[in-house]
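The values are calculated or read from the model by the stated rules, or taken from the named source; none is laboratory data. Just so we're clear, the structure is a prediction, and the values are computed from it rather than from any experiment. Methodologically, a virtual Cβ is constructed for each residue, glycine included, from the backbone with ideal geometry; neighbour enumeration extends over all protein chains shown. With ligands, DNA and RNA removed, areas are computed over all heavy atoms of the protein, side chains included. Shrake-Rupley method; radii C 1.70, N 1.55, O 1.52, S 1.80 Å.
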Amino acid sequence: MKSLWDDNEAKQYQGDLGLRVYTSRLLGRDTSLVLHGGGNTSVKVTEKNIVGGEQALLCVKGSGWDLETIDTPGFPAVKLDHLIKLAELESLSDPEMVNELRTHMTDASAPTPSVEAILHATLPYKFVDHTHADAVVTITNTPKGLDKIKQIYGDSVVYIPYIMPGFDLARLCAIEFEKQRNDNTIGMVLMNHGIFSFADNAKESYERMITLVNMAEDYIKQQSAWALNYDTPAQDDCDAVALAELRLNISRAGGFPVVLSSQRDGKAMTFCNRSDLNKISQQGPATPDHVIRTKRLPLIGRDVDAYVDAYKSYFKTQSANARDPKTILDTAPRVILDKELGMVTAGKSVKEANIIADIYDHTMDIIARAELMGGWHALSAQDVFDMEYWDL
Ligand SMILES: [Zn+2]
């Protein structure tokens, strides 16, 4: 992975917020760092308010924006001092947190700040970058993932065990950052989730992300787990009737019409024909926020009714442990792995089907590499369920 920073391109962006837009887009351009709305970034600035007082603000990615195409309106400004005080509270519910974020913005019409705003606020650097880098989640989702991550990064990053995004994660990161920080600290690894980098200027923060992710990629190469053998031939033809039947059955299960996208290149055909497909594909997503798009598990083969039954039983088991009552979402699969049809994705639109295909295309590499490093080992069903059924 190379830094995409270009001095001439950077000159077109003015001020700290401008450079924040620029390097966020650079992160967004690399699909092995973030995909379709994943990741978030921030910058801390000082501005004069309407009565002439100076105020410190956190400009952080707002909901509904994608790093690849983000612009200045995608960074709502929130009062920084207040966010830092919030991080010191013992607890804060999700609705309370959203209320505090929204009532401490400087522009009432701005989008809601990222749920990771408080986490960004507590890190004492002007620029903070966060991605779900494929290489990092590949390593964290293997047995003894933490030992491997520590071997790669030594004391250059702060280590955070998996905990769901939101207030509790922000609070834990603030505490752990203070405990673990030292002169070499340039980032933070969130197990089974992703990675942060930070610095006081935009270029350095961005390039620290590239450096850290390269260290993870190099480790995977040293383990001979980088180059993948996708040697099953691509399938040019597909059984159109089988695909149409699948589409009908998924639409029935979902209660809405779906569009299917079918990937039958060497990668998809190799993955779908693996003898261990059942074990490796039935664990969970590479990073929890993919669950919103992909659901927790793909359907193997074409038995949609069996998938629906299994999904209902997963909901029943997991919702019994949830803090609040939950209502089941639609039960239709979003990713289908079939020996003949390849990797098929289902969406309510072409765009959605393609987004899910992009995510699972990366997931196949991540799982295949993790399998070469001791075994793919995803988060527990309960952790994934909590994300899938999170009100925010
Ligand atoms: Zn994240």
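Here are the numbers for the structure shown:
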read-out: Positions within the range 160-204 being within 16 Å of the ligand (Cβ to nearest atom) and in contact with a Lys or Arg (Cβ under 8 Å, 6 or more places away or on another chain), in sequence order; value: G187, S197, F198
read-out: Hits in the range 295-330 - residues which are among the hydroxyl-bearing types (S, T, Y) and surrounded by fewer than 21 Cβ atoms within 10 Å (Cβ to Cβ); value: S313, Y314, T317, S319, T327
read-out: Selection count, the range 130-144, where residues are more than 13 Å from the chain's Cα centre (by Cα) and within 17 Å of D289 (Cβ to Cβ); value: 2
read-out: Output for the range 205-229, where each listed residue is assigned to a loop (DSSP other than H, G, I, E, B) and open to solvent by less than 60 Å² (accessible area, probe 1.4 Å); value: A225, L228
read-out: Any helices (runs of 4 or more DSSP H) falling wholly within the range 277-323 and containing at least 1 residues that are within 24 Å of G145 (Cα to Cα) and among the basic types (K, R); value: 277-281
read-out: Of all residues in the range 150-163 being β-branched (V, I, T) and closer than 20 Å to D289 by Cβ, the one that is least open to solvent (accessible area, probe 1.4 Å); value: I160
read-out: The range 166-187 - residue that is farther than 27 Å from N99 by Cβ and either among the small types (G, A, S) or touching a helix residue (DSSP H, G or I) at 6+ places or on another chain (Cβ under 7 Å) (or both) and, of those, surrounded by the fewest Cβ atoms within 10 Å (Cβ to Cβ); value: N182
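Yes/no per residue for (1) of a type in the set (A, V, I, L, M, F, W, C); (2) farther than 20 Å from K267 by Cβ; (3) outside the structural domain of G166 (by TED's automatic domain parsing):
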site	(1), (2), (3)
P298	no, no, yes
G301	no, no, yes
V308	yes, yes, yes
T331	no, yes, yes
I336	yes, no, yes
L341	yes, no, yes
A346	yes, no, yes
G374	no, yes, yes
D383	no, yes, yes
